[in-house]
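Structure, as C-alpha cells:
The values are calculated or read from the model by the stated rules, or taken from the named source; none is laboratory data. Predicted, not measured: the structure shown is a model, and the values here were computed from it. Neighbour counts run over all protein chains shown; Cβ positions are idealised from the backbone, glycine included. Accessible surface is based on the protein model in full, side chains and every heavy atom, while ligands, DNA and RNA are left aside. Shrake-Rupley method; radii C 1.70, N 1.55, O 1.52, S 1.80 Å.
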Amino acid sequence: MKMEIRLIENPDDDLREAVNYQLRTHNQLSNPIYWQKTGEDKYNEEELKLFTFDEKGQVIGGLFGSTRFSWLKVDIMATQKALRNQGIGKKLLEKAEEIAKERGCKYVYIDTMEYQAPAFYKKCGYKLVGQLDDWDS
C-alpha cells in the first residue's frame, strides 16, 4: 500500500474527526461499559480548585485538579515559597482527597518533577509507580 505522511499544523475539524472516529470506534467496541458510563452525567469530569488564603485574604497556595470515575487527578499544587514546610500543602492535599472521596473516587493520580515535590508526596503516603527520565531536560 502506498501512503504519505504529512505534518499539518492546523488541521480542520473534518481531518481531526477522521482520526478521532477511528479511535473512538475501536474504544467503543473494546470497552463498552466505559462508553456507556461516559454518557451519564455522574461520570463527567468535575474540576476541583482549592485555594488557601492568609489572614489578609491573600492567596498563599492552591491545588487544581479534577475528578472522573474513580480518580482524582492533581494537576497543580503550590504554596508560597516562604510558607513551605508548614503543612499548607498537606492540608490542601487532604482536602482534595476528602472532596474526591465524596465524589466517589478511590484513587489519586499526581505527576511531579524531580525538582518539584516527589519527597513531599512520598511523605504524604504516595508511592512512585512510574518515572520518565530526562522529561524536562
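Remarks
- The chain - percent relative contact order, Cα under 8 Å, separation 6 or more: 15
- Global geometry of the range 26-84, whether rounded, prolate or oblate, following the gyration tensor of its Cα atoms and the 1.5 cut on a/c: prolate
- For residue 112, no residue 5 or more places off, or on another chain, has a built amide H under 5 Å of its own.
- Rolling a 1.4 Å probe over the protein heavy atoms of the chain, with every protein chain left in place, gives an accessible area that is 52 percent carbon and sulfur.
- Accessible-area order (highest first, 1.4 angstrom probe) of the listed residues 16, 68: 16, 68
- The calculated pair-distance distribution of the chain uses every alpha carbon pair, bins of 5 angstrom beginning at 0, and gives 2, 8, 13, 15, 13, 14, 12, 10, 7, 4, 1, 0, 0, 0 percent.
- Exposed-site-free run, longest, the chain (rule: GluC sites (Glu not before Pro); DSSP loop; at most 13 other C-beta within 10 Å): 56-113
- Extension gain from residue 26 to residue 1, taking 0.36 nm per residue of separation minus the Cα-Cα distance: 6.8 nm
- The range 1-80-the range 100-137 distance, computed between alpha-carbon centres (Å): 18
- Qualifying chymotrypsin sites (Phe, Trp or Tyr not before Pro) in the range 72-137, where qualification requires a DSSP coil assignment and no more than 13 other C-beta atoms within 10 Å, comprise 115, 135.
- Within the assembled protein chains, the solvent-accessible surface assigned to residue 129 is about 130 Å², based on a 1.4 Å probe.
- Zero-based 10 Å bins, Cα pair distances in the range 93-137, whole percents: 22, 47, 25, 5
- Value of Rg to Rh for the range 1-43 (Rh from inverse mean 1/r over Cα pairs, i.e. Kirkwood): 1.15
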